[in-house]
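Worksheet: one structure, shown below.
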Amino acid sequence: MAAPTRSSGEMFVSSLQRKRTTLAFIRKVGKEEECSICVNKFEINEYICILECGHMFHHHCLAPWLLNNSTCPLCRRTLYENGGNGYQNGGIGPETSWFDEGHYLYYLMPSMYHLTPFFL
């Protein structure tokens, strides 16, 4: 019996990098920043995901959405290709740029190189 194949959505969700929010992160993004899916403010010690488009969501809110949709819930940017067993980009990949700004480590996806991150 062959093992069940994983959907593109399942593979994309499993590739997402989760980041645990800290007090410093909350101060940087602002106390009023919220997840657009559940509309709750980000709190300390929550897992969030920042997509290629720069939008951030609670991981537990974003994962169910991405199992059924291949786009960002907010801007509808395509994040992975439906069908087959591959995905377009895992969110954070080998082309990601990391840089250290003082005591904080930030990352930029290729699609964000021309932007100034709002949390810097």
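The values are calculated or read from the model by the stated rules, or taken from the named source; none is laboratory data. Everything numeric in this text was worked out from a predicted model, so none of it was measured. No Cβ is skipped: glycine too gets one built from the backbone with ideal geometry, and neighbour counts run over all protein chains shown.
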Could you tell me whether S111 is at pLDDT below 80 and loosely packed, with under 13 Cβ neighbours inside 10 Å?
no
Qualifying residue in segment 40-61 (condition: on the phi > 0 side of the Ramachandran plot and in contact (Cβ under 8 Å) with a residue 40 or more places away in the chain):
yes
